[in-house]
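The values are calculated or read from the model by the stated rules, or taken from the named source; none is laboratory data. Because the structure is predicted, anything quoted here is derived from the model rather than measured. Positions of Cβ are generated from backbone atoms using ideal geometry, with glycine treated the same way; all protein chains shown enter the neighbour counts. For accessibility, only protein heavy atoms count, side chains too; no ligands or nucleic acids. Shrake-Rupley method; radii C 1.70, N 1.55, O 1.52, S 1.80 Å.
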Amino acid sequence: MKKITIAAAVAVIAVAVTAYASPYYTLHQIKTALAERNADALAAHVDFPALRASVKTQLEASMARSIEATAGSGNPLAALGQSIASAMLGKMVDTMVSPAGVVALVNKSAVSPQAEANPDAPADGARKKADYSAGYAGLNTFIVRAKDGNAQEGALVLLRHGVWGWKLSSIEIASAMAAR
């Protein structure tokens with residue numbers, strides 16, 4: 001009886017530890033897919049409908065703030081311009097945040113001319129190590145926050161799918177980008 005109790009306790013602890021560590025493993029898989037430029041592996045870790053909705057909402061809010069700041073609330077053409085821009089933005093986000101968009105983005109990064117044209121890049125090809133923090137924001141929410149030298153923040157939000165599965169479901173656009 002004592003062996004069964006010990007085995008059950010070990011099994012419960014093992015399940016709890018693996019469930020807790022599962023978003024860190026998913027994050028590792030995402031980083032590996034990016035490093036290997038494997039778009040299919042990357043797409044397996046993305047909830048595209050949720051991600052599209054997140055990006056659209058944030059970009060539309062940013063665009064509305066920008067239009068309000070430049071045109072003011074009294075301009076009757078501002079609403080028309082915003083509705084046209086919103087429709088175009090929606091189609092653009094639908095195209096970019098899709099499995100095909102991820103494939104194109106990953107393939108473009110493989111031969112990005114910007115990497116070669118950057119004079120500040122190290123000659124040996126070494127990259128600056130990403131500075132980020134990752135942790136739970138709730139039982140089913142895991143957030144990865146990146147920080148750059150200007151202390152501007154953005155975040156990737158992973159949501160639980162099942163017991164051990166996690167998918168990128170939202171991107172919080174950096175404050176500098178959202179303010180533009």
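Take each peptide in 58-68, 14-24, count the other Cβ atoms within 10 Å of every residue, and average; sorted highest first, the result is 58-68, 14-24. Backbone amide hydrogens, once placed in the peptide plane, bring Val46 within less than 5 Å of Leu168, excluding anything fewer than 5 places away on its chain.
Amide H contacts of Gly154 (H built 1.01 Å from N, in plane; Pro and chain starts excluded): Ala146 sit under 5 Å, all sequence-distant by 5 or more or on other chains. For His161, the solvent-accessible surface computed with a 1.4 Å probe is close to 80 Å², ligands and nucleic acids excluded. Multiplying each eigenvalue of the alpha-carbon gyration tensor of the range 21-63 by 5 and taking the square root yields semi-axes of 25, 12, 9 Å, largest first, rounded to whole angstroms.
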